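The next block holds one structure in the form of structure tokens; read it before the comments.
The values are calculated or read from the model by the stated rules, or taken from the named source; none is laboratory data. This one's a predicted model, so the numbers in the text were calculated from it and none came from an experiment. As a convention, Cβ positions derive from the backbone with ideal geometry for all residues, glycine included, and neighbour counts pool all protein chains shown.
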Amino acid sequence: MLCPVCLSEMIVLEMDRIEVDHCLRCKGVWLDRGELELLVEMSGAPSGPIRGALEGRGRPLIGPKRRCPVCGVRMDEVDVEGPAPVVVDRCPRRHGLWLDEGELGRLIESAGGAPETEAVKRLLGRLLQSERGRPESG
Amino acid sequence: MWEQIRSNRRKSAILLVLMAVLLLALGSSLGAAATGAPEGAIAGAALAAAVWLILTLVAYAGGDNIMLATAGARRIEKRDLPKLFNIVEEMTIASGLPVMPEVYLIESNVPNAFAVGSPKRSAVAVTTGLLARLNRDELQGVIAHEIGHIRNQDTRFIVLAGVMVAAIVLIADLFWRSMAYGRFRGGRGRGGGQAQAILMLVALVLVILSPILARLLYFACSRKREYLADASAARFTRYPEGLASALEKIDKAVLSERPDVNRVIAPMYIVNPLAARGGISGLFSTHPPTAERIRILRAMGKSASFAQYEEAYRTVSGKSGLIGASALADSGETPVREAAAETEPVAAARKREAMDVLYRKSGYRIAQCTCGTRMKVPPTHPDPAIPCPTCGRSVSVG
Ligand SMILES: [Zn+2]
Ligand SMILES: [Zn+2]
Ligand SMILES: [Zn+2]
């Protein structure tokens, strides 16, 4: 699948049997709806703010258009509710959520104890730790 | 069962003739209305027949492949998914099908399955979502249902009748388009007068009614075939609960998922993804209500015979005469077997197994980092090593 930001082909990362698509160039993450459901199901947590954002009412995205890597439809933006709400891109046909590099960090920081967000934190936290741990280049 | 299939075949032939009459009537009335002359009727009918003939030829030459390609199905081998192949082999033997169907995999979270072809050359297609959600008994039930369709020759009928519906819809559609360009409006200045106005009215009525009628005929016939395929599945597997439980899971998932399905293929799936959402119901549905199919399977009790299915069908739906008398008499004792005892891998593991097959088929290289992260690298990334995004180590993806 193509990264909606830089249009280069993403690689697939499988962690604890859940897959995310990851752009090596811009470090963005595509969280597929099916994988999100699988994650929530496996962790036994009820649906929370992230699933809510996927189904929620979107606003038109300002700036350059970004297309859903699954269906090619223009994505909109939604809020992931929490102590510090995070704005993420979303396919209006609910194929999944796109998290830019910074958004992933903010989403995980504002986990706020919701079991669903904690599960996402456990999964994706590793992606973030490695970024923090790595020496800043350039 | 055989007389049932024969009677089905007779009904199918009648249905196809009715549809052909409808198609020709539509073509000729449109031709007459457009030209205002009787020769127009013949030309119109000829045009309608030509459209149908072309579509049928295309369907016969490559219909199955078109269906599979439209659904995005990929052919897989035994070494890709041996467990799935074992089930298909088992059910081929249980059903007495002369040739094992080819097996196709579709990438979709929506659990579903369909079959195409004739007993001598056929294929079953399942989605990755189906493999993820179902255990072995349930998957066996679904495969048996699909093989039941192939064995009962339903797959071929659905293609033939579907083409006829498509031709009628296409011609009606052409009419509306030419209306928009004003071709039918003034009769091009020829003083046809009242006669043409009446022809126009007839054509209009046919244009509105024939697509509806064609679909009605098609759907009425395919619903009974669903019950028969369920009855076949119960008998082939000797475990009606497998299919019942699978249908329950599929129906639930289909309702919550957004259908990414083409309207032509939708009626072929084991649970119609478009109808399940409540858009189509009653006369217009290709499938009986899934809840009723489940209730019938669960009412079968200790026997998996055709007679027992007929009995359960009568109890649940209040109707009878689903299965022919000879099949009811000779089906004999078919005691229900025990549930398969096995430790089932979790849904996520089953989904990874199915998806990895598709990744490999698409030329992805799969590598495991020592930190536990697995990387699936598309062929467009030629680099022999890639830094692991979760730990930074360089991982070779040879
Ligand atoms: Zn990118
Ligand atoms: Zn999409
Ligand atoms: Zn690693």
Can you work out which of the residues in segment B:125-141 that are in contact (Cβ under 8 Å) with a residue 40 or more places away in the chain and closer than 25 Å to B:Gly62 by Cα is farthest from the other protein chains (Cβ to nearest Cβ)? B:Ala125
Scanning segment A:82-104 for residues that are away from chain B (no Cβ under 14 Å), under 17 Å from A:Val5 (Cβ atoms) and not hydrophobic (A, V, I, L, M, F, W, C), which turns out nearest to ligand 1 (Cβ to nearest atom)? A:Asp100
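Specify which of the listed residues (B:Met19, B:Met100) is out of contact with any strand residue (DSSP E or B) (no Cβ under 8 Å at 6 or more places or on another chain) and part of a loop (DSSP other than H, G, I, E, B). Working first, answer last.
Numbers: B:Met19 fails: part of a loop (DSSP other than H, G, I, E, B).
From the options B:Met19, B:Met100, the qualifying one is B:Met100.
Filter segment B:298-352 down to residues that are part of a helix (DSSP H, G or I) and among the polar types (S, T, N, Q) and give me whichever is modelled with the lowest pLDDT.
Within segment B:298-352, the subset part of a helix (DSSP H, G or I) is B:298, B:306-317, B:325-330, B:347-352.
Next, from what is left, pick out any that are among the polar types (S, T, N, Q): B:308, B:315, B:317, B:326.
On the way: B:Gln308: 85, B:Thr315: 86, B:Ser317: 82, B:Ser326: 60.
Looking at the filtered set, the residue picked out is B:Ser326.
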Among residues of segment A:2-16, those that are more than 9 Å from ligand 1 (Cβ to nearest atom) and at pLDDT 90 or above, counted: 6
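Taking segment A:38-59, which residues are facing chain B (nearest Cβ under 8 Å) and either aromatic (Phe, Trp, Tyr) or under 30 Å from B:Ile386 (Cα atoms) (or both)?
A:Leu38, A:Met42
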Name the pairs: first residue in segment B:357-379 and more than 9 Å from chain A (Cβ to nearest Cβ), second residue within 16 Å of ligand 2 (Cβ to nearest atom), Cβ to Cβ under 6 Å, at least 6 apart or on different chains? B:Leu358/B:Glu107
For residues in segment A:4-27 being touching a Cys at 6+ places or on another chain (Cβ under 6 Å) and crowded, with 22+ Cβ neighbours inside 10 Å, which is farthest from the other protein chains (Cβ to nearest Cβ)? A:Cys23
Taking segment B:343-356 and the residues there that are within 9 Å of chain A (Cβ to nearest Cβ) and out of contact with any strand residue (DSSP E or B) (no Cβ under 7 Å at 6 or more places or on another chain), the one that is farthest from ligand 3 (Cβ to nearest atom) would be B:Ala347
